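Here is the structure we will look at.
The values are calculated or read from the model by the stated rules, or taken from the named source; none is laboratory data. Keep in mind that this is a model prediction, so the values were computed, not measured. Glycine gets a Cβ as well: all are built from the backbone with ideal geometry, and neighbour counts include every protein chain shown. With ligands, DNA and RNA removed, areas are computed over all heavy atoms of the protein, side chains included. Shrake-Rupley method; radii C 1.70, N 1.55, O 1.52, S 1.80 Å.
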Amino acid sequence: MKMKNRNILVLTLGLLTLINISCSKTQSYSELLREEEKACNWYLASKNVMLELPEDARDLITSETIGEDGLPYGEDAPFYKLDEEGYVYMQVVVASFEEMVDEGDLVYFRFLRSSIKDMYEGLTPVQMGNQDYLPNGTTSFVYKNTFLSSSTTWGTGVQMPLKYVGYNSEVNLVLKSYYGFTDEQTYCVPYIMNIKYFKPEY
């Protein structure tokens with residue numbers, strides 16, 4: 001009986017030690033947020049960042065805008081800060097204003113995203129999304145709808161550019177977790193995300 005109690009005690013102590021080790025390696029939410037902030041600051045430090053948007057969205061500088069040197073801006077197009085807190089930055093690749101999106105409109109979008117945190121840590125980021133592979137399914141939301149799970153699951157960040165550009169536009173977003181996919185927000189992983197917006201065809 002004593003041997004059995006001793007074995008149980010040893011196993012319990014071993015289990016407590018493992019739990020203690022694993023808990024000591026777990027980061028707090030505030031630590032994860034600080035890492036996210038550092039990664040985003042590192043990424044944006046090498047970019048052209050504008051803290052204010054032009055009064056007229058048609059004056060947005062895009063990747064296709066011709067600069068003073070006679071060449072399109074391309075990758076040097078600025079990232080515009082879209083919210084006061086700096087959770088979302090938008091770089092416009094292609095701007096279309098022919099048909100703007102109104103509240104309640106259905107918007108289809110295709111995306112490709114990479115973890116900025118992986119880049120910051122020197123890792124090769126894995127690209128994820130449905131932009132190049134149709135079987136991954138369609139993604140859509142109802143603009144400014146905060147009740148449908150089909151809309152809210154993508155977070156509000158993917159909708160923000162549609163205040164400035166319309167259907168058939170393409171943007172790159174630096175997207176922090178606060179406005180990112182709702183089921184991933186607690187992971188505090190920021191993404192660089194390419195998005196193309198489409199009008200449904202009936």
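Listed values, structure above:
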read-out: Table column - 3J(HN,Hα) (Hz), the stretch 59-75, Karplus curve with 6.51, -1.76, 1.60, x for Gly and Pro; value: 8, 4, 7, 10, 4, 8, 4, 7, x, 5, 7, x, 10, x, 4, x, 5
read-out: Inter-probe distance in nm under a simple model that places probes 7 Å from Cα toward Cβ, at D56 and L148; value: 3.3
read-out: Residues whose placed amide H lies under 5 Å from that of V93, excluding near-sequence neighbours; value: S63, E170, V171, N172
read-out: Å² per residue, accessible surface of the stretch 46-121 at 1.4 Å; value: 58
read-out: Accessible carbon and sulfur surface of the stretch 64-202 relative to its total accessible area, %, 1.4 Å; value: 49
read-out: Chain lengthening between K199 and E85 when straightened (0.36 nm per residue, less Cα-Cα); value: 38.0 nm
